[in-house]
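To keep things clear, I will list the structure first and then write my remarks on it.
Nothing in this text is a laboratory measurement; each read-out follows from the coordinates by a stated rule. Predicted, not measured: the structure shown is a model, and the values here were computed from it. Counting neighbours? That spans all protein chains shown, and the Cβs are built from the backbone with ideal geometry, glycine included.
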Amino acid sequence: MSPRKIALKCFAVLMAVSAAAYLSAFLFAATDKPDLDVMNRIRFEGLKHSQVGKTVAYLSDVIGPRPTGSPEIERANRWAAAKMKEWGLENVALEPYADFGVGWALRYVSAHLLEPHYAPLIAISVEWGSSTKGKITGAPVCVDIRSESDFARYKGKLAGKIVLYQPPQPVPTHFTPDARRHDAASLSALHETPIRAAEPPDPDYVRAFDDDLEEFFRSEGVGVLVSSSGNARREFGTVTARGVRQARDPKRPRPLPEIILAAEHYNRVHRIVEEFKEPARMEVEVRAEFYDKDRRGYNVVGEIRGTDKADEVVMLGGHIDSWSPGTGAADDAAGCAVSLEAVRILKALGIRPRRTIRVVLWSAEEKGWVGSKAYVEKHFGDTTTMTLKPEHAKVSGYFNYDNGSGRIRGIYAQSNAALKPVFEAWLEPFHDLGATEVVMRDTGGSDHGALDYIGLPAFQFIQDPLDYGTRVHHTNMDVFDHVSVEDLMQASVVMAAFVHNTAMREEMLPRKPLPDPMTYPIRRLP
Ligand SMILES: [Zn+2]
């Protein structure tokens with residue numbers, strides 16, 4: 001063949017290849033172009049007939065805080081299951097998993113300053129904290145224990161006492177607004193993916209001194225411990241919840257009674273006692289209940305069965321457990337309500353999905369993703385060996401909602417480049433509602449992480465922060481009034497659209513390479 005002929009032949013091959021590539025790119029784009037008629041109907045149902053506000057209000061106002069293992073979460077589980085059935089879901093179940101541990105609920109907490117004059121004090125109980133032995137009245141004692149060598153100074157002096165054991169925390173003045181929405185700059189910053197040379201250390205390290213301190217207070221027979229609201233979200237009477245490590249392990253002694261005071265109130269008592277050495281008197285009572293009969297946890301599941309691809313699954317969810325001081329409205333009744341609303345919308349439209357849509361309301365997210373990790377272990381495989389179960393091959397994607405009640409501004413693609421153009425096409429019909437960005441970076445902090453760890457396509461949305469991080473997250477102010485119902489309506493529409501598109505797509509969502517086995521078990525001891 002002459003050089004000219006070879007060149008011509010090469011050119012022809014090149015043209016054919018690029019035409020094929022162009023065609024497949026076109027076909028690929030075509031499959032990910034959402035059905036705009038369905039998108040319109042989802043918008044109409046979700047924005048005109050929304051139930052999402054009612055769902056959040058019932059879960060938070062009526063059922064209340066939902067620590068895992070409490071009668072309240074049991075009621076929430078049953079209520080959510082009944083809603084799923086009412087809205088036409090199938091295979092609705094409270095799916096148990098072994099060994100959550102001992103459950104807990106707060107029944108009463110009260111704290112007052114009686115001297116130098118009367119003042120009610122804003123107080124919550126630590127989670128899994130015990131009851132006081134009735135009402136304790138007496139002079140508060142401030143201790144300053146930084147190491148074991150300080151124990152001796154207080155030996156024999158703390159029996160039955162009200163003991164403030166932390167240094168006072170400064171309360172800063174706020175010069176920035178509590179609430180904000182994303183703007184172009186803050187959204188654009190999310191497009192850069194940080195690279196880490198090593199994984200951050202496992203935060204569940206053993207805090208030996210904390211154990212020794214607890215043991216010292218226990219052996220001294222302290223009446224009740226008093227601490228100050230944590231380092232974040234502690235001003236203007238906002239109190240952030242805290243738990244006791246491994247408290248739900250039935251083999252460990254029950255934690256001591258402990259109240260957490262609003263920082264301003266803690267500081268005041270501390271100044272009266274330590275700075276002015278004036279006589280002071282407080283009255284404190286805590287009543288808590290432990291639930292030891294059924295140590296299992298439960299995730300609530302329900303399905304819209306698929307049609308020609310029914311054995312493949314699209315999942316969505318939020319967590320139904322909550323911290324105890326507020327009512328778990330934004331965290332995460334909001335995510336449960338958005339997930340329930342998304343499936344309600346799809347049922348109301350009479351959508352018959354190709355793949356099965358499965359909504360899961362996780363328990364014990366706040367105790368370290370216990371419910372979702374147990375679900376992964378039961379259905380998908382073992383993250384320490386990356387031994388996979390057959391169901392692992394059947395999950396197309398999971399969508400999680402757990403960043404407060406702010407509207408969806410986009411989605412984290414969780415380092416899956418193949419998904420970026422797919423999600424961009426899916427967001428297109430919702431740009432006018434503020435949902436525009438697909439960013440490559442990972443996001444963690446909630447149950448999608450348990451599925452991501454075993455290599456399943458699992459995602460969380462970018463949400464407007466509102467005042468979640470500054471005021472609401474895990475505090476006594478996580479209540480319905482700090483939930484934005486309008487934002488949740490928008491979120492339910494976008495959630496329904498993503499779930500629909502995943503269920504209808506010709507192929508399952510593309511996956512990342514399977515992660516390396518984890519060096520520690522995905523489920524830790526309680
Ligand atoms: Zn949460």
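With respect to the chain, whose longest principal axis is taken over its alpha-carbon atoms, helix 71-86 is tilted by about 30°. Summing Cβ point charges (Lys, Arg +1; Asp, Glu -1) relative to the Cα centre of the range 286-355 gives a dipole of roughly 300 debye. Pairs of Cα atoms nearer than 8 Å and 6+ residues apart set the relative contact order; for the chain it is 23 percent. May I ask you to derive the FRET efficiency for residue 36 and residue 389 from their Cβ-Cβ distance with R0 = 35 Å, giving the value to the nearest 0.05? Working from the Cβ atoms, E equals 0.40. In order along the range 476-481, the phi-based Karplus estimate (6.51 cos²θ - 1.76 cosθ + 1.60, θ = phi - 60°) of 3J(HN,Hα) comes to 5, 9, 7, 10, 3, 5 Hz; Gly and Pro are listed as x. Of the residues 371, 439, 353, the one whose Cα sits farthest toward the positive end of the charge dipole of the range 340-452, with +1 on the Cβ of Lys and Arg and -1 on the Cβ of Asp and Glu, is 353. Under the convention that each Lys and Arg Cβ holds +1 and each Asp and Glu Cβ holds -1, the size of the dipole of the range 327-407 around its Cα centre is about 580 debye.
In this simple spin-label model, placing a label point 7 Å from the Cα along the Cα-to-Cβ direction at both residue 296 and residue 150 gives a separation of 4.5 nm. In terms of other Cβ atoms within 10 Å, 259, 63 run from fewest to most in the order 63, 259. For the chain, give the share of DSSP beta bridges that are antiparallel, in percent and rounded to the nearest 5; count only bridges with both residues there. The antiparallel fraction comes to roughly 55 percent.
Considering only the other residues whose Cβ falls under 13 Å of the Cβ of residue 306, what net charge follows from Lys and Arg at +1 and Asp and Glu at -1?
With Lys, Arg at +1 and Asp, Glu at -1, the net is +3.
Once the Cα-Cα distance is subtracted from the 0.36 nm per residue extended length, the residue 186 to residue 415 segment shows a gain of 80.5 nm.
Using a Förster distance of 22 Å, how high is the FRET efficiency between residue 289 and residue 219, based on the Cβ-Cβ distance and rounded to 0.05?
Rounded to the nearest 0.05, the efficiency is 0.30.
The order of the peptides 442-448, 182-188, 292-298 by mean Cβ neighbours within 10 Å, most packed first, is 442-448, 292-298, 182-188.
The protection proxy used here, the mean number of other Cβ atoms lying within 10 Å of each residue, ranks peptides 430-440, 274-284, 73-83 as follows, highest first: 73-83, 430-440, 274-284.
Mean sequence separation of contacting Cα pairs (under 8 Å, at least six apart), scaled by the length of the range 342-494, corresponds to a relative contact order of 29 percent. Based on C-alpha pairs under 8 angstrom that are at least 6 apart in sequence, the range 70-195 has a relative contact order of 14 percent. Over all orientations, the range 307-395 has a Cα convex hull whose mean projected area works out to 6.6 square nanometres. When +1 charges are put on Lys and Arg Cβ atoms and -1 charges on Asp and Glu Cβ atoms, the dipole computed for the chain relative to its Cα centre reaches about 860 debye. The residues packed around residue 180, meaning those with a beta-carbon under 10 Å from its beta-carbon, carry a net charge of -3 if Lys and Arg are +1 and Asp and Glu are -1. From its DSSP helices (H runs of at least four residues, each -39,500 (n - 2.57)), the chain gives a residue-normalised ellipticity at 222 nm of -9000 deg cm²/dmol.
Of the cross-linked pairs 54/389; 133/155; 54/135; 33/512, those separated by over 30 Å at the C-alpha level are 54/389; 54/135.
So what's the net charge close to residue 352: Lys and Arg +1, Asp and Glu -1, counting the other residues with Cβ under 12 Å from its Cβ? After counting each charged neighbour, the total is +4.
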